[in-house]
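Remarks on the structure that follows.
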Amino acid sequence: MLGLVVVIAFIVPLLPSYDPYSQDLAAGYLTPLKSSSARFYLFGSDPLGRDYLSRIALGTQVSLLIGFAAVLVSLAIGVTLGLIAGFFRGAVESAIMGVADLQLSIPRILFIIAVTAVIGPSLLNLTLLLGFTSWVSYGRVARAMALTLREREFVLSARTQGASSTWNIRKHLLPNVLPQMVIVGSYELGLIIIIESSLSYLGLGIQPPLPSLGLMISEGQTYLGLNPWISILPGISIFLMVAGTQFFSQRFTTEGSNHVRIDRAA
Amino acid sequence: MLGFFARRLVQATLTILGVLTVAFFLVRLSGDPTALLLPEAATAQEMEALRTELGLDRPIWVQYWVFMSKALQGDFGNSLRIEASALGLVLERVPATLELTLTAFGLGIALAFAGALTMRLSTNQRLRSVLLWIAFTRQAIPVFWFGLLLIILFSVTLRWLPSVGRGGIEHLVLPAVTLATFEIALYLRLLDAAFGEQERQDYVRTAYAKGQTRMKIVLRHMLPNALLPLVTIAGVNLGILLGGTVVTETVFSWPGMGRLIVQAVSQRDYPVVMAGVVVASFMFVAINFTVDMLYGILDPRIRYR
């Protein structure tokens, strides 16, 4: 499902009709499958008469890119902190897990809204904020796995042969937790796409003129009686992306361990 | 139990102090508010005077101390836009938010229980997979878009229910259902997984072996045990629910604190934003504290960790 959306989002720009920016005020608010004097609009047009299919395709690309970038940022932070906490234990572990608990006690969307209010909305800020606020689930799973891995024979034998902690974490722990991290990541990707589109809907995410699915839905809300498709179509794209990522992660977790399931909900 | 209570209370207090610290640094990051507060033609002396008045010329740790002691007394300063205390503006909106959140939460939990028990008690496997599939689908839909779909169907097309504002029960239906369906989807899947876990336990097999009816096994034996994971998740999930409320309030123009915060952000009214975020976090921590206590009562093992 996710694959389908990705393929469509990247094929549409190859079509001759692809044009997400040029306006034609005479051809605004067109419902899908209508054509103006100039051209045919498969998905209709937005209030400024821009081709909606093109805008949705570009908006979907933007969502996917932000999502992947944010997942990579949070995965890197989460794995590093989680492995350090689980490997060294003691005060380091308490400090890292304390920060994680603190972060969980501020609802994610509210925290991002508060910071955005201060530093202003931009593509980079949004991606980094999403990344920085989403590391906790990776951190928790990585720490839990590191706790058992550090007692395993191959780690102990490396240590008795004088391997440094950094070497042990990098060569022995990291490869063992990465597959699990990818599963957490695929679930988080869906969540992040939802959060990003919600922020864009509130006007605090992606900024115009770049098309964003959330903002397009919010623009359409003014014209629900005239042309509800302006709000409906971008949502379908979000739904397909998120359902796709969840489908992927669920296929791996139904047989997986229990702590992954609980951490996903967290 | 008393020690457990005390430990959790200390933890909750530390969390609140942490949230306030984060809020302090965010406000400081936002830069010099004097430029926002004074007219553009203000002289350097005027700006200096205001800075002294606001305490911005003092060392950062003194500012931190003043901010914390004021915040703990509920003083977040005045709104930059209207003459009123930021906290007062936020607290004014709390009842509307609670009305929406609690209705959605109650509705969601009740229906999820009804659904999960039906799935367990009926032998119809197709019913179970259809319900789980619906729940899965609902979880992949953003709250704000689901709300809009409801508006399109029930307000624009059928004209049955109002789509904006707060008033009688008819105003509550659409936003509450929007939020509740998300809750149902989450808890239905969680409860089903928890029941599945219990089904494999020895005590369930024993109960079957001595000829207990399925109805009794599910309700008397499995249900209390399946409740535990639900209580843990419910606490964490409230954060997601609060986030969802912020968005839902904007969709339906519901006059709650979520909408106030979003409006304050677009007006760059930082004191109101911070007061709102702190109040929301405070509610969240208080609820989680209660949930922890509940958990300690339900499962005595947890107290001794």
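The values are calculated or read from the model by the stated rules, or taken from the named source; none is laboratory data. Fair warning: this is a prediction, and the values are worked out from it, not measured in the lab. Backbone-built Cβ (ideal geometry, glycine too); neighbour counts: all protein chains shown.
Some points to look at:
- Those residues of region A:86-136 which are of a type in the set (S, T, N, Q) and touching a Phe, Trp or Tyr at 6+ places or on another chain (Cβ under 7 Å), in sequence order: A:105, A:133
- From the list B:207, B:194, B:176, the one residue that fits, being buried (at least 18 other Cβ atoms within 10 Å of the Cβ) and closer than 16 Å to residue B:119 by Cα, is B:194.
- Residue in region B:153-169 that is assigned to a helix (DSSP H, G or I) and either more than 14 Å from chain A (Cβ to nearest Cβ) or in contact with a strand residue (DSSP E or B) (Cβ under 9 Å, 6 or more places away or on another chain) (or both) present: yes
- Counted residues, region B:252-270 - those being assigned to a helix (DSSP H, G or I), at pLDDT below 85 and surrounded by fewer than 23 Cβ atoms within 10 Å (Cβ to Cβ): 2
- The lone exception for residue B:145 - which of (1) of a type outside the set (D, E, K, R); (2) in contact with a helix residue (DSSP H, G or I) (Cβ under 8 Å, 6 or more places away or on another chain); (3) free of Cβ contacts under 8 Å to residues at least 12 places away in the same chain; (4) not assigned by TED's automatic domain parsing to the domain that holds residue B:164 it fails: (4)
- Test result for residue A:110, in a helix (DSSP H, G or I), hydrophobic (A, V, I, L, M, F, W, C) and surrounded by fewer than 19 Cβ atoms within 10 Å (Cβ to Cβ): no
Condition check ((1) touching a helix residue (DSSP H, G or I) at 6+ places or on another chain (Cβ under 6 Å); (2) modelled with pLDDT of 85 or more) across all residues:
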{"residue": "A:185", "(1), (2)": "yes, yes"}
{"residue": "A:190", "(1), (2)": "yes, yes"}
{"residue": "A:193", "(1), (2)": "yes, yes"}
{"residue": "A:196", "(1), (2)": "yes, yes"}
{"residue": "A:199", "(1), (2)": "no, yes"}
{"residue": "A:202", "(1), (2)": "yes, yes"}
{"residue": "A:206", "(1), (2)": "yes, no"}
{"residue": "A:209", "(1), (2)": "no, no"}
{"residue": "A:216", "(1), (2)": "yes, yes"}
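- All positions within region B:275-286 that are more than 7 Å from chain A (Cβ to nearest Cβ) and crowded, with 21+ Cβ neighbours inside 10 Å: B:275, B:276, B:278, B:279
- Of residues in region B:241-273 being within 7 Å of another protein chain (Cβ to nearest Cβ) and among the hydrophobic types (A, V, I, L, M, F, W, C), the one farthest from residue B:101 (Cα to Cα): B:265
- For the residues A:112, A:195, A:183, the requirement of being closer than 27 Å to residue B:137 by Cβ and more than 14 Å from every other protein chain (Cβ to nearest Cβ) singles out A:183.
- Note on region A:201-247: residues that are under 24 Å from residue A:7 (Cα atoms), in contact (Cβ under 8 Å) with a residue 12 or more places away in the chain and not aliphatic (A, V, I, L, M) amount to 13.
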